Amino acid sequence: MHKYLILALCNLLLFSVAAQAKQVTLQASEDHVPGQARYLDNGQAQPAILILHGFSATHHYPTVQALQDYFNLSGYTTLAPTLSLQIPLRSQPVQCNSLHTHTLQQDIAEVSAWIGWLEQQGHNQIILIGHSSGSQTLLEAMIPHAPQSVKALILTSLFYLSGDELGSLESEIQLAQDLLKQGQNAPRKFNFLFCQSDYLATPESYLSYLSITRARVIETINQLNIPSYSLMGSADTRYNQVGETWLNELNTSQTELRIIKGANHFFTGEHEGQLHDQVEAIINQIILK
């Protein structure tokens, strides 16, 4: 009976979180494409937390939503935007063979707009949390200088987007560059991450993300003017492509690396709680500084 009582209480708490959630919209894109975010307002007593999803996903992604709900229950104001990817009020993931016209620069502009929105709500202390390529986008958005309101950057499942080991083809990169030089930006299919041979994108869109190389990520971390923390799962299958030496490279950079033993890329199952505990410990560490 005790087990079922605990389950009922957990469900009640989760319902309470959902009841407090607000869907907010903002013309965050440079092209004034409206974007949306899930906002949970717990006031300004503690730092606000902005959580950004991985590539082509939304703020509904389980890793992101679980983090948001956890920190809402802990008393933090949280904001989880969905990058528009140039689709007004996008609420669904974008597939590989969908048309990709968005660029990394547009994503960065949207992140900056959402940070500005939080500032307008009165939050002068903000902590950023990225998952997967959301970590890369947040990294790029903090260069050359993070806004004064942003106090720290927490990067989870941080890798990179371009490299021979990821399936990037120099011939395709050269073709995309040549097309742009000729003023041609018609979409075509490229190889990109898990979208092998069917990533339908304009050359401009494709090339913008290919700028995030292995070296670029480390270089950007070392340029940050705010503290950064990297949380990685030891059982992430991405190491099959990039090698576990990636952890050594992160460890010798300016980020503080923490490894969750046995966790995969999404920190599912028993490792979800460990991710939340680690992030909370980092936030407490930041607050005490």
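List of remarks:
- Within the straight-line cut-off of under 14 Å between alpha carbons, the aspartates and glutamates reachable from residue 22 are 41, 69, sequence neighbours fewer than 8 places apart in one chain being disregarded.
- Calculated Rg and Dmax of the stretch 162-211 using C-alpha coordinates, Å: 9.9, 30
- Reach of residue 181 by Cα under 13 Å, taken over aspartates and glutamates that are not fewer than 8 positions away in the same chain: 204
- Mean Cβ neighbour count within 10 Å, used as a protection proxy, ranking 46-54, 226-234 highest first: 46-54, 226-234
- Toward the positive end of the charge dipole of the chain, with +1 on the Cβ of Lys and Arg and -1 on the Cβ of Asp and Glu, the farthest Cα among 232, 247, 159 is that of 232.
- Modelled label reach - residue 188, point 7 Å along Cα→Cβ, the stretch 78-96 residues with backbone N closer than 17 Å: none
- Counting only Cβ charges, +1 for Lys and Arg and -1 for Asp and Glu, the dipole size of the chain around its Cα centre is about 480 debye.
- Multiplying the residue separation of residue 20 and residue 97 by 0.36 nm and subtracting their alpha-carbon distance yields 24.1 nm.
- Relative contact order computed over the chain (Cα-Cα under 8 Å; 6+ residues apart), in percent: 16
No value in this document is a laboratory result; all are computed from the given coordinates. The structure displayed is predicted, hence computed values, not measured ones. Using ideal geometry, Cβ is built from the backbone for each residue, glycine included, and neighbour counts are taken over all protein chains shown.
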